[in-house]
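I have placed the structure first, in the form of structure tokens, so that the comments after it can refer back to it.
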Amino acid sequence: MNVTAKELLKRAGRAAGFDIRRVIYSPWRSAAFAAEYAAISAWTLVSEDRCYILASLASQALQLGGEFWECGVYKGGTAMLLAGRLSAPGAPLRLFDTFEGMPETDAVKDLHKAGEFSDTSLDGVRSRVRGDFVHFHKGLIPETFSGLESSRIAFAHVDVDIYSGILACCDFIFPRLCVGGFMVFDDYGFPSCPGARAAVDEFFVATNAIPLVLPTGQALVFKSA
């Protein structure tokens, strides 16, 4: 009986105790990245696989010569991760948040409520995310974007959870995103943030950019032109 190569691989997998069709390579579990994540894990709700995506894209975007933005900082864990990747080249890192918790939300589009995530502060985040290249913008989006109209943005991590904030980020950041740059939306695929998906879909349907939805729950937008 002829046995196909595929069947031989299946048999080998069964003998070794694993399914060859299941992805087993998880670089975020490498010793190097595990150590990087361990240093920030107490200060973030973002899982290690999502953080690996952020770190990898940030490293890729360094060659573009633009600024790095994070909208929605909370306790500063992912900002610490980005700052670690940016410290040597010193690329500007701008951090936008109320640093006091969730602002007013849309009762129809959002599930989050005003005042959530209030267990943070600007002083606390500032003590963890350090460097002359780090700039803090405390207040409401999009008001905190004022004066930054000439910015060239290489990378933006958008993690504000709610419809109005995410739509405002898209409106301001995408036109200023460098060709070859990235926007990463943390909340796109999570049922707790329906407004996030609604805002991203609403904005990008009118552009030539198509959000790539990742198994992590994130959505990635790459600017090609």
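The values are calculated or read from the model by the stated rules, or taken from the named source; none is laboratory data. As the structure is a prediction and not an experimental result, all values here were calculated from the model. Using ideal geometry, Cβ is built from the backbone for each residue, glycine included, and neighbour counts are taken over all protein chains shown. The accessibility values were calculated without ligands, DNA or RNA, using every heavy atom of the protein model including side chains. Shrake-Rupley method; radii C 1.70, N 1.55, O 1.52, S 1.80 Å.
Once C-alpha pairs closer than 8 Å and six or more residues apart are averaged by separation and normalised to the residue number of segment 143-211, the relative contact order reads 35 percent.
Based on Cα contacts under 8 Å between residues 6+ apart, the chain shows a relative contact order of 18 percent.
Once you reduce segment 54-68 and segment 90-169 to the center of their Cα atoms, the two points are 19 Å from each other. The Cα atoms of the chain cover 73, 38, 36 Å along the three principal axes, with the biggest extent listed first.
Within 11 Å, Cβ to Cβ, of residue 202, how many net charges do the neighbouring residues add up to if Lys/Arg are +1 and Asp/Glu are -1?
0
In the chain, the portion of solvent-accessible area held by carbon and sulfur atoms comes to 57 percent [1.4 Å probe, whole percent, DNA, RNA and ligands not counted].
Pairs of Cα atoms nearer than 8 Å and 6+ residues apart set the relative contact order; for segment 133-178 it is 45 percent. What does the charge count around residue 119 come to, taking other residues whose C-beta lies under 11 Å from its C-beta (Lys +1, Arg +1, Asp -1, Glu -1)? Value of the local net charge: -1.
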